[in-house]
Amino acid sequence: MKFDAPAGPNLFDNAKIVGKSTPRIDGPLKTTGKAPYAYERHDVAPNQAYGYVLGSAIAKGRIVSMDVAEARAAPGVLAVIATTDMKQLPKSDYNTVPLFGGAAITHYHQAVACVVAETFEQARAAAALIRTRYDRVPGRFDLEKLAPSAPLVPGRDGEPGRKVIGDFEGAFAAAAVKVDEKYTTPDESHAMMEPHASIAAWNGDRLTIWTSNQMIAWGKGAIAQILGLDPKNVRLDSPYVGGGFGGKLFIRADAVLAALGAKQVGRPVKVALQRPLMANNTTHRPATIQRIRLGADKNGRITAIGHENWTGNQAGEDAENATMQTPVLYAGANRLIANHTAVMDLPEGNAMRAPGEASGHLALEVALDELAEKCGLDPIELRIRNEPTGKVPGNPKQKFSDRHLVRCLREGAAKFGWAARNPKPGQVREGRWLIGHGVAAGFRGAPTMKSAARVRLDGQGGLIVETDMTDIGTGSYTIIAQTAAETMGVPLNRVKVTLGDSDHPAAAGSGGQWGAASSTAGVYAACVALRRQIGAKLGFDGDTATFADGHIQVGNRRISLAEAGALSAEDAIEFGKFQKDYNVGTYAAHFAEVAVDAYTGETRIRRMLAVCDAGRILNPLSARSQVIGAMVMSAGAALMEELAVDTRFGFFVNHDLASYEVPVHADIPHQDCLFLDTLDPVVSPMKAKGVGELGICGPGAAVANALYNATGIRVRDYPLTLDKYL
Ligand code: MOS
């Protein structure tokens, strides 16, 4: 099904199942431990051996020698796969650097060996017997030193590295009110609960990998490239994923080493990346240095808006593009966007939940707060005064598809009780606690991607949906079941959804908050094809017949779905070229109340509120979970998360969950999340947009602004730890 915007009226406008809060159909499996994660799939292949990954002890250089004799002779050891025993494996299109093979080391904890043994403990003990000699060379590890000479790079959106509209410098120089500040965000780790894990088994030339991955079609392609296989001979299966956040968009060393190990020992091999390896072996969100310049007239109308970003990664390509939201959020005739990326020898920088915007809001939305104060304006009023009218301010070739940011701000202000806030910082005190309130706007693009599915009638009134779409804890199973149930008129409990198997039609996958919008539209397309097939078989028009309650109503003819027999249809949603004419985005207003201990600087978030505009909300219950989870992550980014770089040796020092701090329950107070009742007919037939990344765009800035309101101290270097307030 080709989709060309805008979508007209369709069955979802009178939906009975889509749009209703629906508990996750996989929820009971998960809460009872019956949803098997990759490493727990004991049943899929008998006689599994255990792999243990050894990471490089240097960040850059070469391996001079590896002595694995003692490890090979250790009890229970079946094989030692040493990187020096093979040529460097090809880099897939989806990875920044090769994952294994050869003597060259490009980052710390790069996989250099995998010991395969009868038990995990034997593999781990033997790995400790491997003696590796390295030739270490100096690397580029310090972003602050590298930033001044970092080159401009074009963005992921194809925008040039430096883009000027109007006369930015002139307008900024002439502005009556100015903000010119530098903000920094640190490297961050996805820190998902389930580590990267894979079980691999060969059947002749055919390789199956049971793994934990967000993007099955990419992963299958990557494995074929890396191992030199025909993609037809590769199967990936990832029905349950214990968190990804972007860290599982791409195949990692666990999958490659499980496959190599299984080949070598002639039996299935399972490999989970050990938690202390994950931060340096896999990808992370790269640090940023951002300069924001805002110029406004005395009434707070922005005349100049400049956002320059410096970041770094292995390949020097677009990394944490923190300027992504800046062309979209506010009006202003004179604009500057610049993105610089330094080539660095730290571990691979790549996507983490809302890559770019998550960091960008932590700067831009604080700068707006600073501008509001200088203009003597309420920060909500300042934002409303700078609401764009007409085309996208930073990209005049595009119009907005649908946008209700002002409504988010107004409805949020009413719900939060914003009017009671004292605009003067450091004034509100409860005993030893200083109290503050902050607001921030949020924007995240709502891309869509081609997405396919197969739907099958079982001949008894039940429906089976098959797609390689993943559910990374987000609720994909449920919204896909709701979509299929609605379109086919099948009760929700008669829909069986099978996800994550690369033998199924290729979906959009879980990334960039495109998953919900794209995969449900793909399932809708397959259901429409099935309705037409049923109609052709039974002699009616599948498009206009009413499918409801397990029956088809055609005029006064009533047919049970079981009568249609066992039929199967497959189709994909494909998006037309209209997309380039629109900026399709999601919007939010975020509010936070904080308390700061006047003596110790201890910060507590007291309450958080998000009001979101994301088109049709397919399942308010799981969408809310997405948003409040992202608010937790944004609170972490604001207050505590930081991979500490050892700039001498080039590694993240705090590479485990004991030392990489993420929020715990006690850090997170009352959270609330409201959705506007909007529809976006430009995004897809579902008129729905994702929210999984919207929720991390802005809450941290609202917390930062609240901390300023509480204390009168403006800290611009994240995380906002207590030492910076003393
Ligand atoms: Mo996302 S950072 O594209 O999983």
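Could you please give the count of residues in region 468-480 that are within 14 Å of ARG454 (Cα to Cα), in a loop (DSSP other than H, G, I, E, B) and away from the ligand (no atom under 14 Å from the Cβ)?
So the answer is 1.
Against the conditions (1) under 20 Å from the mean Cα position of the chain (by Cα); (2) surrounded by 24 or more Cβ atoms within 10 Å (Cβ to Cβ); (3) of a type outside the set (A, V, I, L, M); (4) farther than 15 Å from PHE100 by Cα, where does LYS270 fall short? Just the number, please.
Checking LYS270 against (1) under 20 Å from the mean Cα position of the chain (by Cα); (2) surrounded by 24 or more Cβ atoms within 10 Å (Cβ to Cβ); (3) of a type outside the set (A, V, I, L, M); (4) farther than 15 Å from PHE100 by Cα, the one that fails is (1).
Which of the residues belonging to region 354-398 are within 16 Å of the ligand (Cβ to nearest atom), more than 18 Å from GLY438 (Cβ to Cβ) and in contact with a Gly (Cβ under 7 Å, 6 or more places away or on another chain)?
Answer for region 354-398, where residues must be within 16 Å of the ligand (Cβ to nearest atom), more than 18 Å from GLY438 (Cβ to Cβ) and in contact with a Gly (Cβ under 7 Å, 6 or more places away or on another chain): just PRO355.
For a quick check of your reading: which strands (runs of 3 or more DSSP E) sit entirely within region 1-90 and have at least 1 residues that are touching a residue at least 60 places away in the same chain (Cβ under 8 Å) and loosely packed, with under 14 Cβ neighbours inside 10 Å? Give the derivation first.
Numbers: elements: 49-55, 61-67, 77-82.
Passing ranges, in order: 61-67.
Residue under question is LEU676, and the condition is that it be modelled with pLDDT of 95 or more, under 25 Å from LEU409 (Cα atoms) and either surrounded by fewer than 24 Cβ atoms within 10 Å (Cβ to Cβ) or among the aromatic types (Phe, Trp, Tyr) (or both); does it hold?
Numbers: modelled with pLDDT of 95 or more: yes; under 25 Å from LEU409 (Cα atoms): yes; either surrounded by fewer than 24 Cβ atoms within 10 Å (Cβ to Cβ) or among the aromatic types (Phe, Trp, Tyr) (or both): yes.
For LEU676, the condition - modelled with pLDDT of 95 or more, under 25 Å from LEU409 (Cα atoms) and either surrounded by fewer than 24 Cβ atoms within 10 Å (Cβ to Cβ) or among the aromatic types (Phe, Trp, Tyr) (or both) - is met.
Got a sec? Which of ALA452, ALA419, ALA440, ALA413 is in contact with a helix residue (DSSP H, G or I) (Cβ under 9 Å, 6 or more places away or on another chain) and under 30 Å from GLU486 (Cβ atoms)? Don't jump to the end; show me each part of the working.
Numbers: ALA419 fails: under 30 Å from GLU486 (Cβ atoms); ALA440 fails: under 30 Å from GLU486 (Cβ atoms); ALA413 fails: under 30 Å from GLU486 (Cβ atoms).
Of the residues listed, the single one that is in contact with a helix residue (DSSP H, G or I) (Cβ under 9 Å, 6 or more places away or on another chain) and under 30 Å from GLU486 (Cβ atoms) is ALA452.
Exactly one of these conditions fails for MET193: (1) surrounded by fewer than 14 Cβ atoms within 10 Å (Cβ to Cβ); (2) under 13 Å from VAL256 (Cα atoms). Give me its number.
Single failed check for MET193: (2).
Determine which member of the set THR483, THR448 is within 16 Å of the ligand (Cβ to nearest atom) and not in a strand (DSSP E or B).
Numbers: THR483 fails: within 16 Å of the ligand (Cβ to nearest atom).
The unique qualifying residue is THR448.
Name the residues in region 697-708 that are more than 16 Å from PRO447 (Cβ to Cβ) and in contact with a helix residue (DSSP H, G or I) (Cβ under 6 Å, 6 or more places away or on another chain), would you? First the steps, then the outcome.
Kept after step one, since they are more than 16 Å from PRO447 (Cβ to Cβ), are these residues of region 697-708: 698-708.
Correct list: GLY698, PRO699, GLY700, ALA701, VAL703, ALA704, ASN705.
Pairs, please: C-beta under 7 Å, at least 6 apart or cross-chain, first residue within 16 Å of the ligand (Cβ to nearest atom) and in region 187-215, second aromatic (Phe, Trp, Tyr) and assigned to a loop (DSSP other than H, G, I, E, B)?
Taking only residues 6 or more apart or on different chains, the pairs are SER189/TYR660; HIS190/PHE245; ALA191/TYR660; MET192/PHE245; GLU194/TYR37; SER212/TYR37.
Can you tell me which residues in region 127-145 are in contact with a Lys or Arg (Cβ under 8 Å, 6 or more places away or on another chain) and surrounded by fewer than 18 Cβ atoms within 10 Å (Cβ to Cβ)? If you could, list the steps in order and put the result at the bottom.
Quick first cut of region 127-145, residues in contact with a Lys or Arg (Cβ under 8 Å, 6 or more places away or on another chain) only: 134-139, 141.
Across region 127-145, the qualifying residues are ASP135, ARG136, VAL137, PRO138.
One line per residue, one yes/no per condition, for (1) in a strand (DSSP E or B); (2) among the hydrophobic types (A, V, I, L, M, F, W, C); (3) farther than 29 Å from ILE713 by Cβ:
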position	(1), (2), (3)
ASP369	no, no, no
LEU377	no, yes, no
LEU382	no, yes, no
THR389	no, no, yes
CYS408	no, yes, no
GLU411	no, no, yes
GLY426	no, no, no
ARG429	yes, no, no
VAL439	yes, yes, no
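With GLY166, GLY158 as the choices, which residue is at pLDDT below 95, away from the ligand (no atom under 15 Å from the Cβ) and surrounded by fewer than 21 Cβ atoms within 10 Å (Cβ to Cβ)? Quick ask: steps written out before the conclusion?
Numbers: GLY166 fails: at pLDDT below 95.
Result: GLY158 is the single residue among GLY166, GLY158 that is at pLDDT below 95, away from the ligand (no atom under 15 Å from the Cβ) and surrounded by fewer than 21 Cβ atoms within 10 Å (Cβ to Cβ).
Does PRO379 satisfy the criteria of being under 25 Å from ALA319 (Cβ atoms) and buried (at least 24 other Cβ atoms within 10 Å of the Cβ)?
Numbers: under 25 Å from ALA319 (Cβ atoms): no; buried (at least 24 other Cβ atoms within 10 Å of the Cβ): yes.
For PRO379, the condition - under 25 Å from ALA319 (Cβ atoms) and buried (at least 24 other Cβ atoms within 10 Å of the Cβ) - is not met.
Are any of the residues in region 222-230 assigned to a loop (DSSP other than H, G, I, E, B), crowded, with 24+ Cβ neighbours inside 10 Å and within 16 Å of the ligand (Cβ to nearest atom)? So that I can check it myself, show each step before the final result.
To start, the set of residues in region 222-230 that are assigned to a loop (DSSP other than H, G, I, E, B) comprises 228-230.
Those still in the list that are crowded, with 24+ Cβ neighbours inside 10 Å too: none.
The answer is no; no qualifying residue exists.
Return the residues of region 315-353 that are away from the ligand (no atom under 14 Å from the Cβ), over 30 Å from ALA174 (Cα atoms) and either part of a loop (DSSP other than H, G, I, E, B) or at pLDDT below 95 (or both); say none if nothing qualifies.
Listed by number, the residues that qualify are ALA315, GLY316, GLU317, MET344, ASP345, LEU346, PRO347.
Quick grid of which residues meet (1) part of a loop (DSSP other than H, G, I, E, B); (2) within 16 Å of the ligand (Cβ to nearest atom); (3) among the polar types (S, T, N, Q); (4) at negative phi:
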{"position": "LYS220", "(1), (2), (3), (4)": "no, no, no, yes"}
{"position": "PRO239", "(1), (2), (3), (4)": "yes, no, no, yes"}
{"position": "PRO276", "(1), (2), (3), (4)": "no, no, no, yes"}
{"position": "LEU294", "(1), (2), (3), (4)": "no, no, no, yes"}
{"position": "ASN299", "(1), (2), (3), (4)": "yes, no, yes, yes"}
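So MET192 ticks every box in (1) over 25 Å from PRO719 (Cβ atoms); (2) touching a Gly at 6+ places or on another chain (Cβ under 7 Å) but one. Which box is left unticked?
(1) is the only condition that MET192 fails.
If I ask for residues that are away from the ligand (no atom under 16 Å from the Cβ) and charged (D, E, K, R), which ones from region 677-698 would you list? Before the answer, list the steps.
Taking region 677-698 first, the residues away from the ligand (no atom under 16 Å from the Cβ) are 677-688, 698.
ASP677, ASP680, LYS687, listed by residue number.
For ASP458, are the conditions met, namely being within 16 Å of the ligand (Cβ to nearest atom) and of a type in the set (D, E, K, R)?
Numbers: within 16 Å of the ligand (Cβ to nearest atom): no; of a type in the set (D, E, K, R): yes.
No; evaluated as a whole, the condition is false for this residue.
Tell me yes or no: at least one residue of region 552-567 is of a type outside the set (Val, Ile, Thr), touching a strand residue (DSSP E or B) at 6+ places or on another chain (Cβ under 8 Å) and closer than 30 Å to PRO327 by Cβ.
no
Can you list residue pairs whose Cβ atoms sit under 6 Å apart, with the first residue in region 516-527 being touching a residue at least 24 places away in the same chain (Cβ under 8 Å) and the second being of a type outside the set (A, V, I, L, M, F, W, C) and in a helix (DSSP H, G or I)? Count only pairs 6 or more apart in sequence or on different chains.
Pairs found: THR520/THR483; VAL523/THR483; TYR524/THR483; TYR524/THR487; CYS527/THR487.
Tell me yes or no: at least one residue of region 701-720 is touching a residue at least 40 places away in the same chain (Cβ under 8 Å), crowded, with 19+ Cβ neighbours inside 10 Å and within 16 Å of the ligand (Cβ to nearest atom).
Scanning region 701-720, I find no residue that is touching a residue at least 40 places away in the same chain (Cβ under 8 Å), crowded, with 19+ Cβ neighbours inside 10 Å and within 16 Å of the ligand (Cβ to nearest atom), so the answer is no.
Just a yes or no: is a residue in region 251-270 assigned to a strand (DSSP E or B), more than 16 Å from the ligand (Cβ to nearest atom) and not acidic (Asp, Glu)?
The first filter runs over region 251-270 and keeps only residues assigned to a strand (DSSP E or B), leaving 269-270.
Retained after the next criterion (residues that are more than 16 Å from the ligand (Cβ to nearest atom)): 269-270.
From the residues that got through so far, the ones that are not acidic (Asp, Glu) too are 269-270.
Scanning region 251-270, I find at least one residue that is assigned to a strand (DSSP E or B), more than 16 Å from the ligand (Cβ to nearest atom) and not acidic (Asp, Glu), so the answer is yes.
For residues in region 486-538 being aliphatic (A, V, I, L, M) and not in a helix (DSSP H, G or I), which is nearest to the ligand (Cβ to nearest atom)?
First pass over region 486-538, keeping only residues aliphatic (A, V, I, L, M): 488, 490, 492, 495, 497, 499, 506-508, 516-517, 521, 523, 525-526, 528-530, 534, 536, 538.
Subset that is not in a helix (DSSP H, G or I): 490, 495, 497, 499, 506-508.
Working: VAL490: 31, VAL495: 26, VAL497: 21, LEU499: 16, ALA506: 17, ALA507: 14, ALA508: 11 Å.
My answer is ALA508.
Consider ALA453 carefully, then state whether it is more than 16 Å from the ligand (Cβ to nearest atom) and either part of a strand (DSSP E or B) or buried (at least 18 other Cβ atoms within 10 Å of the Cβ) (or both).
Details: more than 16 Å from the ligand (Cβ to nearest atom): yes; either part of a strand (DSSP E or B) or buried (at least 18 other Cβ atoms within 10 Å of the Cβ) (or both): yes.
Yes.
Pick out, from region 93-192, the strands (runs of 3 or more DSSP E) lying fully within it that include 3 or more residues that are of a type in the set (Lys, Arg) and either more than 30 Å from PHE245 (Cβ to Cβ) or under 26 Å from the mean Cα position of the chain (by Cα) (or both).
Working: elements: 111-117, 131-136, 162-165, 177-185.
In region 93-192, 131-136 are the strands (runs of 3 or more DSSP E) which contain 3 or more residues that are of a type in the set (Lys, Arg) and either more than 30 Å from PHE245 (Cβ to Cβ) or under 26 Å from the mean Cα position of the chain (by Cα) (or both).
The values are calculated or read from the model by the stated rules, or taken from the named source; none is laboratory data. The structure presented is a predicted model; accordingly, all values stated were derived computationally and were not measured. When we count neighbours, we look across all protein chains shown, and the Cβ atoms used for this are built from the backbone with ideal geometry, even at glycine.
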